[in-house]
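The values are calculated or read from the model by the stated rules, or taken from the named source; none is laboratory data. Because the structure is predicted, anything quoted here is derived from the model rather than measured. Backbone-built Cβ (ideal geometry, glycine too); neighbour counts: all protein chains shown.
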Amino acid sequence: MSFKEQSKVELHLHIEGGAPPDFIRTLAKEKSVDLSGIFTEDGGYAYRDFWHFLEVYEAATSVLTGPEEFRRLTKAVLEACAEKGVVYAETFLSPDFCGGRDVAAWKDYLAAIQDAATEAERDHGITLRGIATCIRHFGPEFARETALCAQETAGGFLTGFGMGGDEKSGSQGDFAYAYDMAREAGLRLTTHAGEWNGPDEIRAALDDLKVERIGHGVRAIEDLALVERLVEDGVTLEVCPGSNVFLGVYPDLSAHPIAKLRERGVNVTVSTDDPPFFRTDMVKEYQDLSRQFGWTPEDFRELNLVAIDAAFCDDATRNRIR
Ligand code: HPA
Ligand code: ZN
């Protein structure tokens, strides 16, 4: 079986980060917004480092101005995922970018996204669940408003709460109140940690936010006591190897700790993060990992079972995709 045909589960995917450059360029033209500075000559996204990436990301997102744009975006993202064999995906959705954290507006955006997801499930056999996501560098006040949006729409399609953005800004603990709100609403919890900061950041995520999954978390490898804790507590890492190499967290895949973490018994999974920004997709991730670590379709089958177990979905959905 080729990696393309293999059924895949992807747990870490930012919806705006899945926007093909042409999609954003066309919208910018329609709205007469000059975004020429964010594209390379060959049509990709242009940025210098992670922090500049966040700026370019927000500029690209600025042309996604209503539910209809997110409907079209969700359709495009899910078609691209399904084409790579993804049968189940979870996506980060930011009330910040979907109506400016206004609950009524957020409900309209979410309905449009869910509509597109229902259509994609019918047409391409891919299931999507949403993770409402606050943005760390926007601060704890905005995160509380985000958590309120999440509370008001928890259940069904919206199954999780998360945090993205600049890991160097503030601390995980600053967001404990927002996470408590999300937990009380029955949402499952994850946060970006241990990509740009070291092991202490991951400890803070576990201790202060009580998350069950960690976005990235790869720098846990710098502290073997923490690695043991991840194993004992059954914490799942949403690892995005292509993203880490593209952004320079590691110089190349041979230096990436995903295989070491897996050998030590950590629940690792594979995702793309923001595929067109990092010039990747799920088939490329599998091919690169296979080439580097000798992983076979059976290894990826095991990784997918880990992802299914850690998925923020109900058991009926879990059994269907297993
Ligand atoms: N990391 C952190 N925050 C983000 C990302 C990412 O890859 N994409 C969008 N927001
Ligand atoms: Zn991410």
So VAL227 ticks every box in (1) of a type in the set (A, V, I, L, M, F, W, C); (2) within 27 Å of ARG25 (Cβ to Cβ); (3) away from ligand 1 (no atom under 16 Å from the Cβ) but one. Which box is left unticked? (2)
Counting only helices (runs of 4 or more DSSP H) wholly inside the range 174-280, the ones holding at least 3 residues that are away from ligand 2 (no atom under 16 Å from the Cβ) and of a type outside the set (Val, Ile, Thr) are 176-184, 199-204, 224-233, 258-263
Pick from LEU303, LEU206, LEU226, LEU247: which is closer than 24 Å to ALA19 by Cβ and buried (at least 18 other Cβ atoms within 10 Å of the Cβ)? LEU247
From the list ALA116, ALA182, which residue is without any contact (Cβ under 8 Å) to a residue 60 or more places away in the chain, of a type in the set (Gly, Ala, Ser) and under 24 Å from LYS75 (Cβ atoms)? ALA116
Qualifying residue in the range 26-37 (condition: in contact with a strand residue (DSSP E or B) (Cβ under 9 Å, 6 or more places away or on another chain) and either assigned by TED's automatic domain parsing to the domain that holds ASN267 or crowded, with 18+ Cβ neighbours inside 10 Å (or both)): no
Out of (1) within 16 Å of ligand 1 (Cβ to nearest atom); (2) touching a Leu at 6+ places or on another chain (Cβ under 7 Å); (3) without any contact (Cβ under 8 Å) to a residue 60 or more places away in the chain; (4) not basic (Lys, Arg), the odd one out for GLY170 is which? (2)
Anything in the range 229-275 that is of a type in the set (Asp, Glu) and either over 28 Å from THR74 (Cα atoms) or without any contact (Cβ under 8 Å) to a residue 12 or more places away in the chain (or both)? List them, or say none. GLU232, ASP233, ASP252, GLU263
Given (1) of a type in the set (D, E, K, R); (2) within 15 Å of ligand 2 (Cβ to nearest atom); (3) within 27 Å of VAL86 (Cβ to Cβ), ARG129 misses just (2)
